[in-house]
Structure formats: C-alpha cells, structure tokens
Amino acid sequence: MMATLKRLLHGLETFNTYMLAAGRSIAWVLVLLMVSCILVQVFFRYVLNDALPWPEEAARAFMIWMMGLVAGSGYRWGSFVAIDLVNDYLPSLIGRILKLLLLILAMVVLMQLFVLAIEFFQRGFRTRAASFHLPRAWIYLAMPVCFGSMLMVNIELVLREFGRVFGNPDDFPDPVKPELNTSAE
C-alpha cells in the first residue's frame, strides 16, 4: 500500500511542481503589466493632467490574477501565516496526526471555496468591467484557479502526511523548494 501511495504522491508532486512553476512564471509577467499600468496612470494623471479610465482597473485585475497564480506555491511551502506552537509540544506521531486532520479540514474548506468560486465565475458573465468591455468573469476566473491549485497542493500534502503517519516519515520528504537566483554572476 505504501508503494502505491508513494507512486501516486510522486505523480501528483510532479504535476504540482510544473503547474506551480508555470503559475509563478506567469505571475512575474502580471507584476510587470500591473506596474506598467500604474506608471502609465501616474504619467497621464500627474504629467499630462489627463487621467485614463482603465489603468487602475487593469492593474487590479493583474494583481488578482498574480495572487491566484502564486497562492498554491505559498501553500505548498508553508509561506502562509501558521500557528504551529502546539505542534512543537506534542509527541511526533500525535503532531503528524493533528497535521493530517487539519489538512483534511483544509481540504473540505478548499473544496467548498472552489465550488463557490466556479459559481462566482459563471455569474461574472452578467457584468462587464467598468472601464473596458471585458466580462468580469475573466477576472473572477482567478479565484477558481487559485482555489483549484491550492486544492491540488492540499491533496499532495494530505497524501504526504498520511504516508508519514502510517509509514516511514523518511520515505515522504517535503518537495524541493525552487531556488531564487539572487546572485549577480
């Protein structure tokens, strides 16, 4: 059973690694577009004294999408705020069981959020962005993408923690964090 779990986890981990890397890559482009929109608006408003109607709304849409694309990565590597003080005082096995139960609870919440986000996306076709003619649904699509990627990561985390609780914890290591090359070579 543990061998099957490891194979399943490896497949999901590989899928998530590529999905999250693509999301982070697209998010960098969205940050660039968001900053460009803001700079265009600053130039037109304060230099030409003629504010444009669309840059603020476009920048907000790019920011929403950027957040939706990187939330799964943040969740996978524990970059969200967490209260883990209790876990430090529990025996290792009990701490892993508690973590597994909390991940299962998070899965239920994420599933519900994903369903609500799909409904919100569908309702978005009824309205258009105020300053340009684009259905708001395409902006709202960031929410199902966000919760869907987080749900996929959550399933990976549940499988990994299940393997740690019922198998050898060393057989279920954390995924490798992506390296940010910050050195000027």
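The values are calculated or read from the model by the stated rules, or taken from the named source; none is laboratory data. These numbers come from a predicted model, not from an experiment. Reconstructed Cβ throughout: ideal geometry from the backbone, glycine too, with neighbour counts over all protein chains shown. Just so you know, the surface numbers come from the protein's heavy atoms only, side chains and all, with ligands and any DNA or RNA stripped out. Shrake-Rupley method; radii C 1.70, N 1.55, O 1.52, S 1.80 Å.
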- Query: more than 18 Å from the chain's Cα centre (by Cα), farther than 26 Å from M1 by Cα and at pLDDT 95 or above: does that describe E185?
  - Reply: no
- Message: I'd like to check something: does the range 113-127 contain any residue that is basic (K, R) and either out of contact with any helix residue (DSSP H, G or I) (no Cβ under 6 Å at 6 or more places or on another chain) or surrounded by fewer than 13 Cβ atoms within 10 Å (Cβ to Cβ) (or both)?
- Response: yes
- Query: Taking the stated definitions as given, is M143 within 20 Å of L5 (Cα to Cα) and either open to solvent by 60 Å² or more (accessible area, probe 1.4 Å) or of a type in the set (A, V, I, L, M, F, W, C) (or both)?
  - Reply: no
- Query: Picking from L85, L69, which residue would you name as being among the hydrophobic types (A, V, I, L, M, F, W, C) and more than 23 Å from the chain's Cα centre (by Cα)?
  - Reply: L85
- Message: If a residue must be outside any loop (DSSP other than H, G, I, E, B) and among the aromatic types (F, W, Y), how many such residues does the range 67-87 contain?
- Response: 1
- Message: Looking at the structure I just gave you, is L12 closer than 30 Å to W77 by Cα, in contact with an Asp or Glu (Cβ under 6 Å, 6 or more places away or on another chain), in contact (Cβ under 8 Å) with a residue 40 or more places away in the chain and open to solvent by less than 50 Å² (accessible area, probe 1.4 Å)?
- Response: yes
- Task: Of all residues in the range 51-66, count the ones that are open to solvent by less than 90 Å² (accessible area, probe 1.4 Å) and either of a type in the set (D, E, K, R) or part of a helix (DSSP H, G or I) (or both).
- Result: 9
- Note down all Cβ pairs under 6 Å where the first residue falls in the range 38-54 and is within 21 Å of A129 (Cβ to Cβ), the second is among the basic types (K, R), and they're at least six residues apart or on different chains. A51/R45
- Set L90, L103, L159, L110: member being without any contact (Cβ under 8 Å) to a residue 12 or more places away in the chain and either surrounded by 13 or more Cβ atoms within 10 Å (Cβ to Cβ) or not in a helix (DSSP H, G or I) (or both): L90
- Query: Mind checking whether some residue in the range 71-78 is of a type in the set (A, V, I, L, M, F, W, C) and either under 30 Å from L39 (Cβ atoms) or exposed (fewer than 13 other Cβ atoms within 10 Å of the Cβ) (or both)?
  - Reply: yes
- Name, by its number, the condition in (1) small (G, A, S); (2) at pLDDT 90 or above; (3) within 20 Å of L12 (Cα to Cα) that does not hold for A137. (3)
